[in-house]
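J.: A single structure is presented below for examination.
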């Protein structure tokens, strides 16, 4: 399998976490999202992934975009360390928490949106940072409240799930943009426990071959 | 089952489509997203759904947010008219197309983001419309290209799937904001065929009890 990604992309990051949790061997192909206007916008990558976002997984004849679709696929094919519980209600809760992070927060704060804010709307650096802080705070406050109901050591009970896989990259991003994380002690407790796991360490941006100083 | 939603919310819309496709009986509880600053922000609804977005599904003791988590749950519990194919590769493709629409386009153009653009960033009505048109065009152009590979009568072959369920509300939105849809003939062909199906008609915004003129 080959994974096209970018070290600091949170969607790439969450896919790497899932693959490492499952012990899957894969080739990592960096796609530089910034250099030369972004390699993800160039014809070679677009031929593989018309959407022009990372990651893309290639597994034999299957070429797949969208990190959550990739992880669901890997989870079905490689049941070791299941990320979606078999119980339908538990699965539903895990997916809803994962989507809060990956499908509600991440798309609003990703690179292309930030570029539109500053490039097209001429928003100031300060207003851009406020944008990020606003959406992170909105999402994390609700997530903190939801964890009260569901969390054990991890987001849902004591088993690592898709919700955890999606949480960690958003905390990484929040830290990068200096969001105050003190209002979310439960969320940060889960995050710290996850950070101690080898798969999460192997997947972190700074450990990737395309990481920059 | 009880579904909290709003007639014009695309996430509510897609959940209704799925429920009608499966022939599920449910009580519909409108949550007015605009009146009095938005009922979704009020304590009564927040107690049910801390994230403060629609829809929310209540099924016995399960209280579930995130439309895609709800639909995956319903699909597993009620296999009639499966929306996620059983074949893992087909399932992956369906999910990736669904996410292109529901998790990449919709969150950037939903009400709370548009309210932030105009309310906090003081963006003009014209720039707000440009924002919507830009993200719809970006997403639809890639989707049109992907359909070339996958579509039959519907998004993936000749069977209605989660991808179709997610496509229709985004076309509805695009029409509402006068996006030129002529560059997407394949996408619009699929859309027209879906619109002819009873479940899609029953689910449409104007057919809901909380629809406004």
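The values are calculated or read from the model by the stated rules, or taken from the named source; none is laboratory data. Only a predicted model underlies this, so the values are computations on that prediction, with no experimental measurement involved. Heads up, the Cβs are rebuilt from the backbone with ideal geometry, glycines too, and the neighbour counts pull from every protein chain shown.
J.: Which ranges mark the strands (runs of 3 or more DSSP E) fully within region B:1-109 that have 3 or more residues being at pLDDT 95 or above and in contact with a helix residue (DSSP H, G or I) (Cβ under 6 Å, 6 or more places away or on another chain)? Walk me through how you get there before you give the answer.
T.: Working: elements: B:2-5, B:27-30, B:56-59, B:62-65.
Because the criterion is at least 3 residues that are at pLDDT 95 or above and in contact with a helix residue (DSSP H, G or I) (Cβ under 6 Å, 6 or more places away or on another chain), the strands (runs of 3 or more DSSP E) in region B:1-109 that meet it are B:62-65.
J.: Now for a separate question. Based on what the data block shows, is residue B:211 part of a helix (DSSP H, G or I) and either touching a helix residue (DSSP H, G or I) at 6+ places or on another chain (Cβ under 8 Å) or crowded, with 16+ Cβ neighbours inside 10 Å (or both)?
T.: Numbers: part of a helix (DSSP H, G or I): no; either touching a helix residue (DSSP H, G or I) at 6+ places or on another chain (Cβ under 8 Å) or crowded, with 16+ Cβ neighbours inside 10 Å (or both): yes.
Taking the combined requirement at face value, the residue does not satisfy it.
J.: Run residue B:61 past the list (1) within 12 Å of chain A (Cβ to nearest Cβ); (2) under 21 Å from residue A:135 (Cα atoms); (3) surrounded by fewer than 18 Cβ atoms within 10 Å (Cβ to Cβ) and report the number of the one that doesn't hold.
T.: (2)
J.: Now for a separate question. Could you tell me whether region A:84-96 includes any residue that is touching a strand residue (DSSP E or B) at 6+ places or on another chain (Cβ under 9 Å) and more than 9 Å from chain B (Cβ to nearest Cβ)?
T.: Yes, region A:84-96 contains a residue that is touching a strand residue (DSSP E or B) at 6+ places or on another chain (Cβ under 9 Å) and more than 9 Å from chain B (Cβ to nearest Cβ).
J.: Look through region B:64-73, keep the residues that are closer than 18 Å to residue A:86 by Cα and at the interface with chain A (Cβ under 9 Å from one of its Cβ atoms), and return whichever of them is surrounded by the most Cβ atoms within 10 Å (Cβ to Cβ).
T.: In the first step, residues of region B:64-73 are kept if they are closer than 18 Å to residue A:86 by Cα; the result is B:64, B:68-73.
Adding the requirement that they be at the interface with chain A (Cβ under 9 Å from one of its Cβ atoms) leaves B:64, B:68-70, B:72-73.
Numbers: B:64: 20, B:68: 25, B:69: 22, B:70: 27, B:72: 25, B:73: 22.
For region B:64-73, the residue satisfying everything is B:70.
J.: Any residue at all in region A:197-208 that's buried (at least 19 other Cβ atoms within 10 Å of the Cβ), over 13 Å from the mean Cα position of the chain (by Cα) and part of a loop (DSSP other than H, G, I, E, B)?
T.: Among the residues of region A:197-208, at least one is buried (at least 19 other Cβ atoms within 10 Å of the Cβ), over 13 Å from the mean Cα position of the chain (by Cα) and part of a loop (DSSP other than H, G, I, E, B), which makes the answer yes.
J.: If you go through region B:110-131 one residue at a time, how many are in contact (Cβ under 8 Å) with a residue 24 or more places away in the chain and at the interface with chain A (Cβ under 10 Å from one of its Cβ atoms)?
T.: Start the filter on region B:110-131 by keeping residues that are in contact (Cβ under 8 Å) with a residue 24 or more places away in the chain, which leaves B:110-112, B:129.
This time we only want the ones that are at the interface with chain A (Cβ under 10 Å from one of its Cβ atoms), so: B:110, B:112.
Count: 2.
J.: Can you tell me which residues in region B:110-126 are surrounded by 16 or more Cβ atoms within 10 Å (Cβ to Cβ) and part of a helix (DSSP H, G or I)? Steps first, answer last, please.
T.: Step one: list which residues in region B:110-126 are surrounded by 16 or more Cβ atoms within 10 Å (Cβ to Cβ), which gives B:110-114, B:116-117, B:121, B:123.
Matches in region B:110-126: B:111, B:112, B:113, B:114, B:116, B:117.
J.: Oh, and also: Tally time: how many residues in region A:37-52 are over 18 Å from residue B:149 (Cα atoms) and surrounded by 15 or more Cβ atoms within 10 Å (Cβ to Cβ)? Steps first, please.
T.: The first filter runs over region A:37-52 and keeps only residues over 18 Å from residue B:149 (Cα atoms), leaving A:37-42.
Subset that is surrounded by 15 or more Cβ atoms within 10 Å (Cβ to Cβ): A:38-40.
Final tally of qualifying residues: 3.
J.: Name every residue in region B:41-55 that is closer than 24 Å to residue B:162 by Cβ and more than 10 Å from chain A (Cβ to nearest Cβ), in order of residue number. Give the steps one after another, and end with the answer.
T.: First, the residues of region B:41-55 that are closer than 24 Å to residue B:162 by Cβ: B:49, B:51, B:53-55.
Result: B:54, B:55.
J.: Residue check: is residue B:174 in a helix (DSSP H, G or I), surrounded by fewer than 17 Cβ atoms within 10 Å (Cβ to Cβ) and in contact (Cβ under 8 Å) with a residue 24 or more places away in the chain?
T.: Numbers: in a helix (DSSP H, G or I): yes; surrounded by fewer than 17 Cβ atoms within 10 Å (Cβ to Cβ): no; in contact (Cβ under 8 Å) with a residue 24 or more places away in the chain: yes.
The answer is no for residue B:174.
J.: Could you please give the count of residues in region A:180-196 that are surrounded by 13 or more Cβ atoms within 10 Å (Cβ to Cβ) and either touching a helix residue (DSSP H, G or I) at 6+ places or on another chain (Cβ under 8 Å) or in a loop (DSSP other than H, G, I, E, B) (or both)?
T.: Kept after step one, since they are surrounded by 13 or more Cβ atoms within 10 Å (Cβ to Cβ), are these residues of region A:180-196: A:181, A:184, A:186-191, A:193-195.
Checking the rest, the ones that are also either touching a helix residue (DSSP H, G or I) at 6+ places or on another chain (Cβ under 8 Å) or in a loop (DSSP other than H, G, I, E, B) (or both) come to A:181, A:184, A:186-188, A:190-191, A:194-195.
Residues that pass the stated criteria total 9.
J.: With the requirement that a residue be under 17 Å from the mean Cα position of the chain (by Cα) and facing another protein chain (nearest Cβ under 8 Å), what does region B:144-163 give you?
T.: The first filter runs over region B:144-163 and keeps only residues under 17 Å from the mean Cα position of the chain (by Cα), leaving B:154-155, B:160-163.
Once the filter is applied, which keeps residues that are under 17 Å from the mean Cα position of the chain (by Cα) and facing another protein chain (nearest Cβ under 8 Å), region B:144-163 yields nothing.
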